[in-house]
Amino acid sequence: MTAKALTTLAESPHRPDLRFLCAHPAHFLALGCGSGLAPKAPGTFGTLFAWGSFLLFRPYFDEWLLLALFAVAYLGGIWLIEITGRALGDPDHGSIVWDEIVPFWLVLLLTPASFYWQLAAFLLFRLFDIVKPQPARYFDQHVKNGFGVMTDDLVAAGYTLLALALGKMVLA
């Protein structure tokens with residue numbers, strides 16, 4: 001093993017900590033500003049972070065600007081996750097939660113603003129993210145890079161929005 005490989009292994013803890021989080025801006029964002037450091041269910045904590053942050057910034061932006069910002073956040077997320085996944089030695093390490101955050105922001109943008117609709121969105125998104133119906137499972141299992149990591153959660157977001165639309169039709 002080369003000296004560079006040994007250095008990389010020594011610098012990439014199996015379980016990231018505060019030092020790792022602050023070591024690079026990509027790590028900070030990929031780990032959801034620290035929400036991915038949760039010892040259990042980091043994906044759930046990342047999604048909760050997405051919900052809370054969305055409620056904070058939503059009043060200041062119109063829908064079209066948010067869609068543009070989310071597209072940039074999605075594309076940038078591919079890069080952030082590549083860098084952080086390489087540093088951790090796992091392209092889809094559990095602490096990486098940017099892939100939950102950006103798609104859930106999109107879900108919230110397209111969900112009615114009431115607490116109960118957003119709670120339903122949260123629960124459905126977590127369900128689809130965990131179950132990974134096709135094609136999310138394909139991306140999760142076969143596309144081991146930032147694009148695959150981001151895309152499987154975007155598919156979960158699509159299933160969430162479809163389920164919410166069907167729920168809205170049934171309740172109408």
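Remarks
- Segments classed as helices (runs of 4 or more DSSP H), wholly inside region 92-148, with at least 1 members that are in contact (Cβ under 8 Å) with a residue 60 or more places away in the chain and among the hydrophobic types (A, V, I, L, M, F, W, C): 98-109, 115-131
- Residue match in region 68-75 (condition: in a loop (DSSP other than H, G, I, E, B), within 11 Å of the chain's Cα centre (by Cα) and modelled with pLDDT of 95 or more): no
- Residue among A172, A163, A121, A136 that alone is more than 24 Å from F57 (Cα to Cα), modelled with pLDDT of 95 or more and among the aliphatic types (A, V, I, L, M): A163
- Within region 132-164, restricting attention to residues that are surrounded by fewer than 20 Cβ atoms within 10 Å (Cβ to Cβ) and among the polar types (S, T, N, Q), the residue that is nearest to the chain's Cα centre (by Cα) is N145.
- Restricting region 84-111 to residues that are hydrophobic (A, V, I, L, M, F, W, C) and farther than 17 Å from L37 by Cα leaves a set whose member that is farthest from the chain's Cα centre (by Cα) is L110.
The values are calculated or read from the model by the stated rules, or taken from the named source; none is laboratory data. Computed from a predicted model, the values in this text were never measured in an experiment. Heads up, the Cβs are rebuilt from the backbone with ideal geometry, glycines too, and the neighbour counts pull from every protein chain shown.
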